[in-house]
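Below is a structure I'd like to ask you about.
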């Protein structure tokens with residue numbers, strides 16, 4: 001008889017997943033409050049370990065460290081709340097480090113039960129946490145350059161998905177007979193590349209979104225105009241606008257990318273459901289790919305509403321945060337299908353090896 005869910009070791013990676021998502025949301029909160037450079041140094045903040053930095057203290061710091069003056073100029077001053085959002089985001093990374101270490105030690109001690117792959121995934125998560133913290137430092141050193149923001153988000157998504165993979169890898173070892181871990185061999189062969197393409201396209205779109213949000217195309221209406229229909233679904237009143245204006249190119253790349261990804265998800269999910277019926281795979285797999293497509297549709301509407309409702313220099317920033325959350329959620333749902341195929345294939349290889 002299986003232990004209750006909260007006693008299972010496989011619950012720990014889900015807890016870590018929840019913590020990782022909170023860190024991602026905190027990072028998005030920093031961006032919507034325009035506080036990405038509110039701690040000019042790293043790992044300290046204005047040379048201290050706190051966040052309550054007065055205007056006078058900021059002035060003194062800039063005078064002593066003129067090389068740390070960011071893109072807003074030497075006269076800009078941050079509020080305590082802006083500094084706190086950056087400070088707490090960094091603190092969360094420190095807080096999650098201990099359970100990540102415990103996760104690796106636990107899986108090391110239980111390799112005989114859960115196998116080496118689950119253990120390697122726990123080690124991978126620890127390495128990704130270190131790299132993620134390093135990427136955070138890079139964003140500070142380069143004043144939130146667009147490529148550094150995209151790198152930071154992409155690594156956060158990989159870090160989060162590692163916990164999903166670990167959890168799914170552990171569950172069959174705990175006695176779970178869920179059909180997602182026992183997909184038919186013919187179904188796997190027919191859909192492995194298709195699911196890879198679906199996950200890859202969603203991941204690419206998410207990174208494009210981070211690129212847009214950190215360039216002129218996503219800030220203060222410097223890309224396409226606002227309102228309906230000149231701002232969305234068209235750009236400056238045209239389906240194919242001139243790329244002369246600042247930020248137009250990055251917005252249009254993101255929009256056309258979203259269109260291509262939508263086609264990949266909708267067509268791919270329809271084919272997955274057809275293949276599931278043909279090969280006797282669980283319909284739950286098709287529901288996962290359908291959910292991924294559903295999150296894409298929802299995010300298209302959220303992204304459009306962000307532009308339609310926006311006014312010059314007054315974007316509804318909480319909608320931008322929602323756009324990020326839905327995008328990340330859609331990606332993580334898609335990875336469930338990806339990992340389901342890999343775990344099922346591994347189980348079959350192991351079974352055939354025993355025979």
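Only one residue in 273, 287, 255, 277 is farther than 23 Å from residue 210 by Cβ and under 25 Å from the mean Cα position of the chain (by Cα). Which one? Break it down into steps so the answer makes sense when it comes.
Working: 273 fails: under 25 Å from the mean Cα position of the chain (by Cα); 255 fails: farther than 23 Å from residue 210 by Cβ; 277 fails: under 25 Å from the mean Cα position of the chain (by Cα).
Just one listed residue meets the conditions, 287.
Might you check whether a residue that is touching a strand residue (DSSP E or B) at 6+ places or on another chain (Cβ under 9 Å) and either surrounded by 21 or more Cβ atoms within 10 Å (Cβ to Cβ) or within 27 Å of residue 43 (Cβ to Cβ) (or both) occurs anywhere in the range 92-112? Walk me through how you get there before you give the answer.
Start the filter on the range 92-112 by keeping residues that are touching a strand residue (DSSP E or B) at 6+ places or on another chain (Cβ under 9 Å), which leaves none.
Checking the range 92-112: not a single residue is touching a strand residue (DSSP E or B) at 6+ places or on another chain (Cβ under 9 Å) and either surrounded by 21 or more Cβ atoms within 10 Å (Cβ to Cβ) or within 27 Å of residue 43 (Cβ to Cβ) (or both).
Among 160, 225, 213, 148, which is in the same structural domain as residue 268 (by TED's automatic domain parsing) and either on the phi > 0 side of the Ramachandran plot or touching a helix residue (DSSP H, G or I) at 6+ places or on another chain (Cβ under 7 Å) (or both)? Spell out the reasoning first.
Details: 160 fails: in the same structural domain as residue 268 (by TED's automatic domain parsing); 225 fails: either on the phi > 0 side of the Ramachandran plot or touching a helix residue (DSSP H, G or I) at 6+ places or on another chain (Cβ under 7 Å) (or both); 148 fails: in the same structural domain as residue 268 (by TED's automatic domain parsing).
After applying the criteria, what remains is 213.
Test residue 82 against the criterion of being modelled with pLDDT under 90, in a helix (DSSP H, G or I) and assigned by TED's automatic domain parsing to the domain that holds residue 144, and give yes or no. Quick ask: steps written out before the conclusion?
Numbers: modelled with pLDDT under 90: no; in a helix (DSSP H, G or I): yes; assigned by TED's automatic domain parsing to the domain that holds residue 144: yes.
No: the conditions fail for residue 82.
Would you mind finding the one in 115, 126 that is surrounded by fewer than 20 Cβ atoms within 10 Å (Cβ to Cβ) and touching a helix residue (DSSP H, G or I) at 6+ places or on another chain (Cβ under 6 Å)?
Values: 115 fails: touching a helix residue (DSSP H, G or I) at 6+ places or on another chain (Cβ under 6 Å).
Of the residues listed, the single one that is surrounded by fewer than 20 Cβ atoms within 10 Å (Cβ to Cβ) and touching a helix residue (DSSP H, G or I) at 6+ places or on another chain (Cβ under 6 Å) is 126.
Also, quick follow-up: Out of the residues in the range 138-185 meeting the condition of being touching a residue at least 40 places away in the same chain (Cβ under 8 Å) and not in a helix (DSSP H, G or I), tell me which one is surrounded by the fewest Cβ atoms within 10 Å (Cβ to Cβ).
That would be 175.
Suppose the filter is at pLDDT below 95, touching a helix residue (DSSP H, G or I) at 6+ places or on another chain (Cβ under 9 Å) and under 17 Å from residue 154 (Cα atoms); does residue 321 pass it? Outline the logic, then answer.
Details: at pLDDT below 95: yes; touching a helix residue (DSSP H, G or I) at 6+ places or on another chain (Cβ under 9 Å): yes; under 17 Å from residue 154 (Cα atoms): yes.
Here the answer is yes, as residue 321 does meet what is asked.
Is there a residue in the range 31-44 that is over 17 Å from residue 136 (Cβ atoms), exposed (fewer than 13 other Cβ atoms within 10 Å of the Cβ) and assigned by TED's automatic domain parsing to the domain that holds residue 142?
No, the range 31-44 has no match at all.
Please work out which one of (1) assigned to a loop (DSSP other than H, G, I, E, B); (2) on the phi > 0 side of the Ramachandran plot is the condition residue 72 fails and give its number.
(2)
Next question, about the same structure. What about residue 305, is it at pLDDT 95 or above and part of a helix (DSSP H, G or I)? Outline the logic, then answer.
Details: at pLDDT 95 or above: no; part of a helix (DSSP H, G or I): yes.
No; evaluated as a whole, the condition is false for this residue.
Still on this model: Which condition breaks for residue 199 when tested against (1) modelled with pLDDT of 95 or more; (2) not in a helix (DSSP H, G or I)?
Condition (2) is where residue 199 drops out.
The values are calculated or read from the model by the stated rules, or taken from the named source; none is laboratory data. Values in this document were obtained by computation on a predicted structure and should not be read as measured data. For neighbour counting, all protein chains shown are included, and Cβ atoms are generated from backbone atoms with ideal geometry for every residue, glycine included.
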